[in-house]
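This report refers to the structure that appears directly beneath it.
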Amino acid sequence: MLRLTKQIAGALALGTILTGAHALPVMAQESAFGPADAKETYYWISNKANLPLFVQYDYVGMEKIANELGVRVIVAGPTDFDLPGFISAVDQVCAQHPSGVSVVGGWDPSLTEPVKRCLEQGVPTVVDDGDLPDSGRLAYIGTNWTQVGVAQAKSIMKALPDGGKVATMSIINAGNMREAVAGFNAYIAANGAGKIEIVANEDDGGDAQKAAQVTAALLAAHPDIKAFAGFDSESGAGIVTALREAGKNPGEIVVTAMEQTPDFFKTAKEGWVNGIVVQNRELFIYYAIKLLHDYNHSGLKTAGLDAANGGRAIPDLDTGVLVVSADNVDKVLTALGVK
Amino acid sequence: MAARLEVQGLSKRFPGVIALEDVSISVERGEIRALLGENGAGKSTLGKIVAGIHAPSSGTVLIDGEEVRLQDERAAGALGIGIVHQEGSLVPQLSVAENIFAGRQPVGRFGQVLVDQMRAEAARLIGQLGVAIDPARRVAELSAAQAQIVEIAKALSHDLKLLILDEPTAALTLNETDRLFDVVRKLAQSGVSIIYVSHRLAEIFALCDRVSVLKDGRLAGTRDVAATSTDELIRLMVGRDVHLHRQADGRVPGRVVLEARQVAAGVMVRDASVTVRAGEIVCIAGLIGSGRSEFCETIFGARKRSGGTIAIDGNAYRPGGTWDAKAAGVGMVPEDRKTSGLFLGMDIVNNIAATVLDKVSDGAKFSQAKAEALAQNFVVEMRISTPSVRQVVGNLSGGNQQKVLLAKWLAMEPKLLIVDEPTRGVDVGARAEIYRLLRALAAKGVALLVVSSDLPEVLALADRIIVMAEGRTVGTLNGGEATEESVLRLATKFTASVAASRATVGADA
Amino acid sequence: MTDTTAATQRDALLLRVVRKLANSRELTLFILVLVLAGVMAAVYPNNFPTASNMRAVLLNLAPVGILVCGMMLLMIAGTFDLSCGSTLALAGVWAGVVASPNWLGYGPYAGMLAGLVVGGIAGLINGLIVTRIGINALIATLGTLTIFRGLTYVTAGTGVTPISDEFAAFGRVADPLLRIQSLFWVMLVIALGGGWLIARTRFFRQYYFIGGNPRAAQLSGIRVDRLILIGFVIMGVLAGLSGALYAARLNSAVVNAGVGIELKVITATVLGGASLKGGEGTIFGGIMGVLFIALVENAMIINSVGVFWQGIVVGLVLLFAVSLDRFKTPGRG
């Protein structure tokens, strides 16, 4: 028994040395912002709450607004793709009656019900980065995903004046992705009919490895395929990996994608990707919290009714998109300090 | 008055096998009838047909003179026929009462189980058997004998006419067997007919009125127990004379191989000592729970030793595990070949190779050819009957499995071989073969330490007998002079009546 | 009369063929793979049997294939590791942290080594929990599944992107002839080497005995606990290797890498002939299982099977392949 205890202790110590001592330069990501003693607490809730994309952009906006207003902004939700976990996180957060909640609505339409429950409990709730139109949310703040689809369709049509075969990749069951793919398909149908043919709308589950596998299979299925459009943040990396592995040259196949990490913009400079859609994500939570705070404090009335009596609506906010292409990529890389 | 059970011209064919061929027997009211036979002789099949589990291929079954056609066990139960299976049918996690009424619990208006009523009824059924077991207890907490009694209570119904017991004492100690026999006798006195399926001769002499012997699916004969002998029954079972008797073949014990002094291990082994010489067969006798097997496991390094000393060939020996025992030349054939001895899903070659992987390898590379040759040798030498060495061991008969298990340990050429229950679940013919092998081993100079619950076996094999009780070695008897009674007197303070009847009636093995 | 006899003989022959196939899962799978590939090649001659498609299929099955080698060893011994996907992510992130100049910056070789070591330690922890504390492998590795994933987040919540071009080279170098990237070749070496070791060597032979009957193995003088511990360490190191190469391939250590991969690995392993009870299986079978699943997935995309149907098809194909076991030679008395 003693020997056993020693052995376990040894293994644990070794683990601790590796994860602890060496972890000094390794910073665990903060998941709450603003003064710890703030009077008001706001929550941002999402699936895969520590997705690199979120941490890179959304968290920045979060930190900024928290310090600006002197409120606490806390990240909640599961770290993996876990819809039941997400829903229960929304329920549990709202049960604590925080000052306001912003839910990333794009993951799934089934979030409508928990958002409704929050509102019933009197918690001011908005939705960002993918709308839940039937939830009665006070406002939607974020990208108009149809416009994301349109932006990618425009980039592809510009790069392929003679048309050709195109495939899309997305998280097939995410509401915002569906909106984007529908916008993409509709724009192509209206403006590129007869020239551009959409041969597949595939699922990559938000996993670059899977995206690479699907891209490779699509290349085989359609040797004359001309373009790929990727709608989740990992699609682009996977598509480029597969093209590189297939021995393609940059520009041989047209790719449009969503932003991922700053490093990913290099693919636009190298010519692998023709258009990277940037969502202005830093604005999402910044404005979501700002508007919720405003809703709680401004005291402005409509027809004599204040917010608590349903008099004051929060305006929806379309944060717009920016397309990074060969034209502006140098400016972006310089601004972000990517070597 | 018609006989309670009349079986006429019963045959049963399974695909490729004739399990029963034209068997006719009749059992009277209140009679205890033994069904005796080697493994595969058809005795269990006969019991299962009468209990409605198998349908006969031809022939008729009559109960109280009326022909019956039984669809299933339930239909048999409705007619007053109960069976207690060899494998057991109890769920250990559930209570006694729930087990007795499995699937037919008394229920109330809403389908809820009426627990009090069920327990009262269970207590009444168990009471009928003349014992008291709390029906609320979980079966896992019961002793093996109590569990067996619960099995019987489960088979009891309002109007029980015939009870079939299939090898009910396999897991019981002598004392427990004795208590079970009391219950069976009580049932018989109340008019229930009993069919007692067994291959333990001593039990048949102690309990039964008449005995029907089956051989290869046919009835070899029916005898009054009072008018027959062990030798006659064995002849009927095997079809030839088999001698399980003691053979003094003039072996001369050599150097001391194993010297264990005051060994202690946990609560089961407190103070046990034994010396075994080369060429000597030493048997450890004792009741189940006396620490015999645990003592052997300690010598083999499968159990941690907390006290005492062991020396092999005069060298101090402190095994950290079974691999150290192996390195020191100690082998152990475990008690339960199915759960802890053999790899049932693997072939003979691999089973034998398991202990001697280094021997059948070229350097790091495992050699199929060497392993196969080794297995082939043993198959011939030990007369293992099998179509090929590549036969999966699970498909062999019990006796042949036991031989493979022995071969597995002989392959490593041990100095000391511990054999725990060498012939459990093995039929008489194979038993004689195994005795021959063990004696031949001893003659070659191997030191043998044998544990057995079967006293005739101990008396037939042992040069010396060490008796254990409650974790201690309590005495030594000379193999040639010991009797079952003298062994048992040492093993237990009170001489069980079973033992008494064994010693007096027919147990001349 | 003669007709029926002929028919019976034909049936008997068919049954014999089916039995033969059912008795060797490797052979069954091999034939299924050939049939699937043959049909696909006939129907889509310009799409399926192309060099680029074959390269892509082989490359993409490699991470799972490496894990299958370790899982097969564990399943032969009658146990398994659910935490391998989390180990893969943890090792990948540690490889990235050690290699990336933005983090510790010890260079690509140190990063690769870190991945292997972290994987090995994770395996050692699993093994110690299972053998020394005696917790059932299902529960133990279910626990470490979330613990290792959590450690991954704690180490680098956002992952490490990019790692470095030198590190990425590990995943991007390809052989000059067939032009398949390193990940596949590493898998091939492990599969061939591991396959030989498990099938032929005395040491690994012992795992079959452990899986066949652990108690009997123990009583046969086989060091059951030590071997199972070693098995978990091997699984961990392979997961670490797979994770580090996975990160190198994308030049990015993703914290969510390998989520759910353990089920894919176990599926392929069982499909390849491992039994949940242990004592059976070969590396060749496991690799055939991975290859078969990869081909089915590839075939569906080439066939333009709708995404919602793909999961259903994969499940049906698996059930079909495993159900062939019903025709196994009856045995065991």
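Of all positions in region C:121-134, none carries a residue that is in contact with a Ser or Thr (Cβ under 7 Å, 6 or more places away or on another chain), at the interface with chain A (Cβ under 9 Å from one of its Cβ atoms) and modelled with pLDDT under 95.
For region A:23-55, the set of residues classified as at pLDDT 80 or above and outside any loop (DSSP other than H, G, I, E, B) consists of A:Ala32, A:Phe33, A:Thr41, A:Tyr42, A:Tyr43, A:Trp44, A:Ile45, A:Phe54, A:Val55, listed by residue number.
Suppose we filter B:Pro456, B:Pro414, B:Pro422 for residues that are closer than 23 Å to B:Ile288 by Cβ, assigned to a loop (DSSP other than H, G, I, E, B) and out of contact with any His (no Cβ under 8 Å at 6 or more places or on another chain); which single one remains?
Only one candidate qualifies: B:Pro422.
Scanning region A:34-82 for residues being within 14 Å of A:Glu282 (Cα to Cα) and among the acidic types (Asp, Glu) gives a total of 2.
Taken over region C:41-57, residues that are part of a helix (DSSP H, G or I) and at the interface with chain A (Cβ under 10 Å from one of its Cβ atoms) amount to 7. Of the residues making up region B:151-182, just one is without any contact (Cβ under 8 Å) to a residue 40 or more places away in the chain and hydroxyl-bearing (Ser, Thr, Tyr), namely B:Thr169. In this structure, is B:Ala302 touching a Leu at 6+ places or on another chain (Cβ under 8 Å), surrounded by fewer than 23 Cβ atoms within 10 Å (Cβ to Cβ), aliphatic (A, V, I, L, M) and within 9 Å of chain C (Cβ to nearest Cβ)? Yes; evaluated as a whole, the condition is true for this residue.
Quick one: is C:Thr158 under 19 Å from C:Val233 (Cβ atoms), surrounded by fewer than 23 Cβ atoms within 10 Å (Cβ to Cβ) and hydroxyl-bearing (Ser, Thr, Tyr)? No, not satisfied. Of the residues A:Asp58, A:Asp80, A:Asp91, A:Asp134, the single one that is in a loop (DSSP other than H, G, I, E, B) and of a type outside the set (Lys, Arg) is A:Asp80. Residues that are facing another protein chain (nearest Cβ under 7 Å) and surrounded by 24 or more Cβ atoms within 10 Å (Cβ to Cβ) within region B:327-342 comprise B:Met332, B:Pro334, B:Gly341, B:Leu342, listed in sequence order.
So which of A:Ala217, A:Ala193, A:Ala182, A:Ala229 is outside any strand (DSSP E or B) and either surrounded by 22 or more Cβ atoms within 10 Å (Cβ to Cβ) or within 14 Å of chain C (Cβ to nearest Cβ) (or both)?
Answer to the selection: A:Ala217.
So is C:Val233 touching a Gly at 6+ places or on another chain (Cβ under 6 Å), within 14 Å of C:Cys69 (Cβ to Cβ) and not hydroxyl-bearing (Ser, Thr, Tyr) or not?
Values: touching a Gly at 6+ places or on another chain (Cβ under 6 Å): yes; within 14 Å of C:Cys69 (Cβ to Cβ): yes; not hydroxyl-bearing (Ser, Thr, Tyr): yes.
Criteria met by C:Val233.
Can you tell me how many residues in region A:68-90 are exposed (fewer than 14 other Cβ atoms within 10 Å of the Cβ) and touching a strand residue (DSSP E or B) at 6+ places or on another chain (Cβ under 8 Å)? Adding up the residues that qualify gives 0. Checked against the criterion of being surrounded by fewer than 24 Cβ atoms within 10 Å (Cβ to Cβ), in contact with a Lys or Arg (Cβ under 6 Å, 6 or more places away or on another chain) and more than 21 Å from C:Ala122 (Cα to Cα), region C:183-200 contains one or more residues that satisfy it. When A:Ala167 is tested against (1) more than 24 Å from the chain's Cα centre (by Cα); (2) within 14 Å of chain C (Cβ to nearest Cβ); (3) within 23 Å of A:Ser325 (Cα to Cα), only condition (1) is not met.
Say whether the condition of being assigned to a loop (DSSP other than H, G, I, E, B), modelled with pLDDT of 85 or more and either in contact with a strand residue (DSSP E or B) (Cβ under 6 Å, 6 or more places away or on another chain) or not assigned by TED's automatic domain parsing to the domain that holds B:Gln376 (or both) is met by at least one residue in region B:485-505. No, the conditions are met nowhere in region B:485-505. For B:Val380, are the conditions met, namely being buried (at least 19 other Cβ atoms within 10 Å of the Cβ) and either in contact with a strand residue (DSSP E or B) (Cβ under 8 Å, 6 or more places away or on another chain) or assigned to a helix (DSSP H, G or I) (or both)? Considered against the rule, which asks whether it is buried (at least 19 other Cβ atoms within 10 Å of the Cβ) and either in contact with a strand residue (DSSP E or B) (Cβ under 8 Å, 6 or more places away or on another chain) or assigned to a helix (DSSP H, G or I) (or both), B:Val380 comes out as no. Taken as a whole, the structure leaves A:Gly304 outside the set of residues that are assigned by TED's automatic domain parsing to the domain that holds A:Val214 and small (Gly, Ala, Ser). Scanning region C:256-313 for residues that are among the aromatic types (Phe, Trp, Tyr), without any contact (Cβ under 8 Å) to a residue 60 or more places away in the chain and over 19 Å from A:Ala211 (Cβ atoms) turns up just one, C:Trp309.
You will find that of A:Tyr42, A:Tyr59, the residue that is within 21 Å of A:Ile141 (Cα to Cα), of a type in the set (Ser, Thr, Tyr) and within 14 Å of chain C (Cβ to nearest Cβ) is A:Tyr59 and no other. Checking each residue of region B:95-102 against the condition of being surrounded by 13 or more Cβ atoms within 10 Å (Cβ to Cβ), among the hydroxyl-bearing types (Ser, Thr, Tyr) and at pLDDT below 90 gives at least one match. When the residues of region B:103-115 are filtered to those that are among the aliphatic types (A, V, I, L, M) and outside any strand (DSSP E or B), which remaining residue is modelled with the lowest pLDDT? Filtering region B:103-115 for residues that are among the aliphatic types (A, V, I, L, M) and outside any strand (DSSP E or B), the one modelled with the lowest pLDDT comes out as B:Leu114. Within the bounds of region B:351-371, is there any residue that is part of a helix (DSSP H, G or I), in contact (Cβ under 8 Å) with a residue 60 or more places away in the chain, surrounded by 21 or more Cβ atoms within 10 Å (Cβ to Cβ) and not small (Gly, Ala, Ser)? No: zero hits. Need the failing condition index for C:Gly150 against (1) crowded, with 20+ Cβ neighbours inside 10 Å; (2) within 10 Å of another protein chain (Cβ to nearest Cβ); (3) on the phi < 0 side of the Ramachandran plot; (4) among the small types (Gly, Ala, Ser), just the number. Tallying (1) crowded, with 20+ Cβ neighbours inside 10 Å; (2) within 10 Å of another protein chain (Cβ to nearest Cβ); (3) on the phi < 0 side of the Ramachandran plot; (4) among the small types (Gly, Ala, Ser), C:Gly150 fails exactly one: (1). All conditions but one from (1) touching a Lys or Arg at 6+ places or on another chain (Cβ under 8 Å); (2) among the hydrophobic types (A, V, I, L, M, F, W, C); (3) within 14 Å of chain C (Cβ to nearest Cβ) apply to A:Val71; the one that does not is (3).
The values are calculated or read from the model by the stated rules, or taken from the named source; none is laboratory data. Since the model is a prediction, treat every value here as computed from it, not as a measurement. Ideal geometry is used to build each Cβ from the backbone, glycine not excepted, and the neighbour counts take in all protein chains shown.
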